1. Looking at (1) out of contact with any helix residue (DSSP H, G or I) (no Cβ under 6 Å at 6 or more places or on another chain); (2) within 23 Å of residue 173 (Cβ to Cβ); (3) modelled with pLDDT under 95, which one does residue 80 not meet, given that it meets all the others?
2. Quick one: which of 28, 23 is within 21 Å of the chain's Cα centre (by Cα) and either modelled with pLDDT under 90 or under 13 Å from residue 113 (Cα atoms) (or both)?
3. Of all residues in the range 7-41, count the ones that are crowded, with 17+ Cβ neighbours inside 10 Å and either acidic (Asp, Glu) or on the phi > 0 side of the Ramachandran plot (or both).
Amino acid sequence: MRAFLGVVPEGEARNFLRNSVRILREEIGLEGVRWVREENWHMTLHFFAELPEQVLRDFCEEIGNKLRFWKAFRIVIERPAFFPSEKRPRLIASVSKRDERLIALVEQIHEVIKKFGLPPADKLFCGHITLGRLRENFKFRASEKLLRLSSKCHNKEVEICLMPVTEIFLFASKILSSGPVYSILDSFRLQGSKSKIIIEG
């Protein structure tokens with residue numbers, strides 16, 4: 001099955017993204033951008049093109065054993081911008097600033113993946129939350145507007161937001177004609193997290 005391990009934005013981070021998307025939708029409209037439904041917002045830590053069901057139970061147990069020693073922490077996410085670059089954009093995403101704890105967490109997940117003989121990541125990890133996917137008919141005028149907005153992300157005075165990393169989810173992913181549908185297979189709470197995250201719809 002298709003699956004991924006990810007972090008879900010909660011509380012102030014979700015409000016931050018919600019407000020950012022509202023402004024962007026007002027600025028550039030709907031044409032040319034396929035906006036991600038809010039209930040599908042997440043930061044992927046590792047994507048599995050195929051996660052065999054026969055290893056699922058043991059895999060989740062091993063991931064749980066590794067993550068139970070981790071303490072919850074916070075990362076910095078920025079206002080949405082073109083991703084992976086302004087010159088060759090495919091997405092509108094909120095990117096996380098480099099965080100050694102997040103990188104170490106992903107590396108530990110990769111150790112478990114290697115142990116089970118599962119395919120490694122096919123690209124370097126770059127934490128981001130996809131908010132919109134650009135269609136082929138994305139208009140240049142809208143592109144100019146987003147470029148002006150995204151360029152502000154590099155200004156130190158522009159608002160950023162702290163996003164808690166308190167729980168890791170393993171999601172199954174099904175691609176339907178109406179868009180992707182995610183369902184929780186398992187979740188792993190980190191030490192110090194006060195309560196279980198409720199996935200908002």
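The values are calculated or read from the model by the stated rules, or taken from the named source; none is laboratory data. Remember, it's a predicted structure, so these values are computed and weren't measured experimentally. Counting neighbours? That spans all protein chains shown, and the Cβs are built from the backbone with ideal geometry, glycine included.
1. All conditions pass for residue 80, except number (1).
2. Numbers: 28 fails: within 21 Å of the chain's Cα centre (by Cα).
Answer to the check: 23.
3. Residues in the range 7-41 being crowded, with 17+ Cβ neighbours inside 10 Å and either acidic (Asp, Glu) or on the phi > 0 side of the Ramachandran plot (or both): 2 in total.
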